[in-house]
Amino acid sequence: MIFFDEERPSDSPFVDRIWRSHSEGTAPFLSIATSRCELVVTRLHGKVTMTVRGPETRATSVGDSPSEGEWFGILLKLGTFLPHLPTRSLLDTGVTLPEATNKTFWLSGSAWQFPTFDNAELFVNQLARAGLLVRDPVIEAALQGQSKDLTPRSVQYHFLQATGITQNMARQIERARYATLLLQQGVSITDTILKAGYYDQPHLTRSLTRFIGQTPAELLHHSRPEQLSLLYKTDPYT
């Protein structure tokens, strides 16, 4: 089973939050949809790796979680990406970067030291200064309704280039995650429908089944054995 030991928001313009976890024994694990890219450092069986994970457009069962592992992740803000790794090519997958030494990995022709939970922002800033991490300001402006000087087609282009998904898909994913958070906190299905902006219970059920992999009742009553991936506090963008 994976234990999420700690998570914290970040004041970096590129980072949403930082988290770390470890596993004890094995347990069924369900990776739920997410709209953002993520950098994940894994320590497993004496080996350290860096993986760049792209957005996930559906829930995916990944079998049993590995035992005796440690993970640390940097969840990037929506619209932050690595330009030499097109986000659309990372949809529903990830890329493990080549190992240089037991303390470094290769990224864009240079060896980089594995970051830690404590120096994550420093690492991200170094990537940004090197031009290996960028942020498209149009994405945040669009989410806040401040992109009126751009055509819908232009906004959609920015979304696809920066996030790999459409603005509508990002909204659907974040709304499903928000609804999941409410249900796991004990909020009723009826109130969750209202708070998260769904039309009715069938609409909520279709959304959660696709993006979270469980029904509203299963989430409310914690009746499934699968453990969900990190469920951070989110803005439904409604």
Percent relative contact order for the chain, counting Cα pairs under 8 Å at least six residues apart, stands at 22 percent
Globularity index of the chain, i.e. its alpha-carbon radius of gyration over 2.2 N^0.38 Å:
1.03
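With the cut-off at 1.5 for a/c, could you classify region 31-81 from its C-alpha gyration tensor as rounded, prolate or oblate?
On the way: a/c = 3.18, a/b = 1.37, b/c = 2.32.
Oblate, because a/c is 1.5 or more while a/b does not exceed b/c.
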Exposure rule at most 15 other beta-carbon atoms within 10 Å, DSSP loop GluC sites (Glu not before Pro): the chain longest free segment
69-238
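Please tell me the relative contact order of region 2-134 in percent, rounded to the nearest whole number, where contacts are Cα pairs under 8 Å and at least six residues apart. Don't skip to the end; give the middle numbers.
On the way: 282 pairs, mean separation 34.3, N = 133.
This gives 26 percent for region 2-134.
Could you tell me which chymotrypsin sites (Phe, Trp or Tyr not before Pro) in region 185-238 are loop residues by DSSP with no more than 13 other beta carbons within 10 angstrom of their beta carbon? Before the final figure, lay out the partial values.
Working: sites: Y198, Y199, F211, Y232, Y237; in loops: Y198, Y199, Y232, Y237.
Answer by residue number: Y199.
Loop sites only, by DSSP: take the trypsin sites (Lys or Arg not before Pro) in the chain that have at most 13 other C-beta atoms within 10 Å and name the longest stretch containing none of them. Let's see the in-between values first.
Details: sites that count: K103, K148, K233.
That would be 1-102.
Would you calculate, for the chain, the mean residue ellipticity at 222 nm contributed by helices, counting each DSSP H stretch of 4 or more residues as -39,500 (n - 2.57) and dividing by all residues, to the nearest 500? Please list the in-between numbers first.
Working: 7 runs with 72 residues, N = 238.
Only helices count here, giving -9000 deg cm²/dmol.
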Can you work out ³J(HN,Hα) from phi for every residue in region 90-100, in order, using Karplus 6.51 cos²θ - 1.76 cosθ + 1.60 and θ = phi - 60°, giving whole Hz and x for Gly and Pro?
9, 4, 6, 7, x, 10, 8, 6, x, 7, 8
Shape parameters for region 2-134, alpha-carbon atoms, Rg then Dmax in Å:
14.3, 40
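Summing Lys, Arg as +1 and Asp, Glu as -1, what charge do residues with Cβ under 11 Å from the Cβ of F3 carry, F3 excluded? Please report the intermediate quantities before stating the final value.
Details: positive: R20; negative: D5, E6, E24, E70.
Here the charged neighbours net out to -3.
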For D5, the residues 5 or more places away or on another chain with a placed amide H closer than 5 Å to its own amide H are R20, S21, H22
Cβ density ranking, 10 Å radius, fewest first, applied to T93, T87, T49 yields T93, T49, T87
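FYI, it's all coordinate maths here, none of it is from the lab. Since the model is a prediction, treat every value here as computed from it, not as a measurement. FYI the Cβ positions are ideal-geometry reconstructions off the backbone, even for glycines, and counts take in every protein chain you see.
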